[in-house]
Amino acid sequence: MTHHDPSADRLLDHEYDGIREYDNRLPNWWLYILYGSIVFSLGYWIVFHTLGVVPLPVGRYDMEMVAAAEAQLKRMEGQEITNETLTLMSEIPAKVESGKEVFAQFCVVCHGTQGEGSVGPNLTDNFWIHGAQPTDILHTVMEGVPDKGMAAWGGQLGPTRVQEVVSYVLTILNTNVPGKEPEGDPVGSGGGDATAPASMDQGSLAPSTDDGGSAAPVPAVDKDSGDGA
């Protein structure tokens, strides 16, 4: 009695135009690669996409950018508040989240839950009354606009919380949430130009320091004439 060798090529029964084919067994190295790839893909999916144990490349890049912004802010600690300082703050999620909490507590009554405007102006469009540069917004929040009903929040919130709320406002600029009609001048047309920091005396806008001399922040922003709280 003959025994069939399972490793031997087996000729299949079908035929096409006089051509027949073998049922060749795949080599082990090929099978190992196939099965290994399946196991690797499952592990990758679980670790990166399901459990999130390890961040994806984009996530690692974002973490490095945040770390770089924090390091830059640390080097600038104690200096006057500038557009660059506030922009760096708006790139740090922890500061933006703190600012969002302050905004939710003090500013939504006049500016809406998403900054869409109510009594105060819409903070998400491209129109500004008192300037759209970060230091313009900081100054408006710190000093207020009494004749328009915008409170001065610098004394109530302190510089740090004000700066954090400004960092949050910077993240919602130009998101154009439907709400109150535009007020003031469009950015770039003159009055609301956010691209000409050289025209500002930023030294005069530097807020007082808080908790040992670190730069202080500003709360809810009044971009035009409404109440900023």
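General remarks:
- Label point distance in nm, TYR44-ALA71, each placed 7 Å from Cα along Cα→Cβ: 3.0
- Length, then width, then depth: along the principal axes, the Cα atoms of the range 23-98 run 77, 20, 15 Å.
- Long-range amide H partners of VAL145 with built H, under 5 Å: MET150, ALA151
- For the range 82-205, pairs of C-alpha atoms spaced more than 22 angstrom apart make up 26 percent of the total.
- Long-range amide H partners of TRP128 with built H, under 5 Å: ASP185, VAL187
- Available extension along the chain between ARG60 and THR175 is 38.8 nm, counting 0.36 nm per residue and deducting the alpha carbon span.
- What the Cβ-Cβ distance of VAL53 and GLN79 gives, at R0 = 35 Å and to the nearest 0.05, is a FRET efficiency of 0.35.
- Evaluated at q = 0.18, 0.30 Å⁻¹: base-10 log I(q)/I(0), Debye formula over Cα of the range 10-50: -0.65, -0.92
Read the figures in this text as sums done on the coordinates, not as results from a lab. For clarity, every value in this text was computed on a predicted model and none was experimentally measured. Here Cβ is always computed from backbone atoms with ideal geometry, including for glycine, and neighbour counts include all displayed protein chains.
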